[in-house]
Amino acid sequence: MYEATQKIPEELWRTEAYHFIPGCQGLSIEIGYHDLFEVPSDPSGVIRNVFCSVHFNSYGFPTDEKRYEEILFSLPEIQEIKGKLEGIFGSVWSALTINA
């Protein structure tokens, strides 16, 4: 994942204070119903009743969350992961979440 995100233009993830690179701090998978908070692409800000979530951990924030999310979910590596999860769970929803 770390290598895949290097394809995203630097101006969307690199500042003097941090480098927002999902996967640089590891990966975690949460299975079982739980809530996701701080979802910029959802107007309510919280998505409830999520059964499985995959987290590619990092520090910091992208400089343009909307554009970063758009590019991130178009990467072939992410599409491959999504396809594999859809083979298990059916339709899969994707969102960039920022935990401050």
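What follows draws every value from the coordinates through simple rules; no lab data is involved. Fair warning: this is a prediction, and the values are worked out from it, not measured in the lab. For neighbour counting, all protein chains shown are included, and Cβ atoms are generated from backbone atoms with ideal geometry for every residue, glycine included.
Counting neighbouring beta carbons within 10 Å and listing from fewest to most, the residues I98, I81, I21 come out as I98, I81, I21. In the distance distribution for the chain, Cα-Cα pairs more than 22 Å apart total 28 percent.
Run the simple label-point estimate for R14 and Q79 please: 7 Å along Cα→C-beta, distance reported in nm. So the label points at R14 and Q79 sit 2.6 nm apart. Distance from the alpha carbon centroid of segment 78-100 to that of segment 46-69 works out to 11 angstrom. Helix 76-89 and the longest principal axis of the C-alpha atoms of the chain enclose an angle of approximately 10°. With neighbour counts taken as other beta-carbon atoms within 10 Å, the residues L27, L75 rank, fewest first, as L27, L75. Of I88, I47, I71, which has the largest mean-square fluctuation in a 10 Å C-alpha GNM of the chain? Answer for the Gaussian network model of the chain: I88.
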